[in-house]
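Participant: Encoded as structure tokens, here's the structure I'll be asking about.
The values are calculated or read from the model by the stated rules, or taken from the named source; none is laboratory data. Computed from a predicted structure; not experimentally measured. Quick reminder, even Gly has a Cβ in these numbers, built from the backbone with ideal geometry, and neighbours come from all protein chains shown.
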Amino acid sequence: MSEEDLKTETADAPEAAAEEPATDPLGALLGELEEAKQQILYAQAEIQNVRRRAEKEVQDAHAYSATKFARDVLSVSDNLSRALDAIPAAMREDEAGKGLVTGLEATQRELASVFERNGITRIEAMGQPLDPNRHQAMMEMPNADVEPGTIVLEMQSGYMIKDRLLRPAMVCVAKKPD
């Protein structure tokens, strides 16, 4: 750069500084105020979302708190059903065994009532198409009488607790005969 260019540049500098608008302190404060308002709105929205999630978690905890216990009691229900199925017809008719059978059946009805009061329902499986969200296929059986994929045998009952799967039904599914 030559000396003349430097002199011209130096002479123009004060004019350039004068041409730049001075920062408006009121405008800057208003901008900061708007930004602070937005941050407050975002913080309030986040607090509301956290509150809603916490309320939902508390509701779920109340609704599904008995899930583990219910799974354990299902095995008791299965064993009671197996015991009733194993009683021979002669024992059911015999006066000596009739009281025992009646007591076992009453216990089974009471257990079903407790399940119902707590939102535990049995999954219908027989004759239904296989639903992998509710049924667990244990084996396939050739069957020309029904559509392939239809449940033809239930090995273990499945249960729901409210709208969640408690235990899938273990089933046998029909397939095309060879």
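Participant: Report, ordered by the first and then the second residue, all pairs with beta carbons closer than 6 Å, sequence separation of six or more or different chains, a first member in the stretch 122-147 that is under 21 Å from Ser75 (Cβ atoms), and a second member that is modelled with pLDDT of 90 or more and among the polar types (S, T, N, Q).
Facilitator: Arg122/Ser157
Participant: Determine which single condition Asp24 fails, assuming it passes every other condition in (1) at pLDDT below 90; (2) closer than 30 Å to Ile161 by Cα; (3) charged (D, E, K, R).
Facilitator: It is condition (2) that Asp24 fails.
Participant: Continuing with this model, one more query. Kindly provide the set of residues from the stretch 113-146 that are exposed (fewer than 14 other Cβ atoms within 10 Å of the Cβ), over 13 Å from Cys172 (Cα atoms) and of a type in the set (A, V, I, L, M, F, W, C), ordered by number.
Facilitator: Val114, Ala144
Participant: Given the residues Lys162, Lys176, which is the only one that is charged (D, E, K, R) and surrounded by fewer than 13 Cβ atoms within 10 Å (Cβ to Cβ)?
Facilitator: On the way: Lys162 fails: surrounded by fewer than 13 Cβ atoms within 10 Å (Cβ to Cβ).
Selected residue: Lys176, the only one of Lys162, Lys176 that is charged (D, E, K, R) and surrounded by fewer than 13 Cβ atoms within 10 Å (Cβ to Cβ).
Participant: If you check Gly103 against the conditions, is it surrounded by 10 or more Cβ atoms within 10 Å (Cβ to Cβ) and on the phi > 0 side of the Ramachandran plot?
Facilitator: no
Participant: Same structure, new question: Exactly one condition in (1) over 30 Å from His62 (Cβ atoms); (2) under 23 Å from the mean Cα position of the chain (by Cα); (3) acidic (Asp, Glu) is false for Asp131; which is it?
Facilitator: (1)
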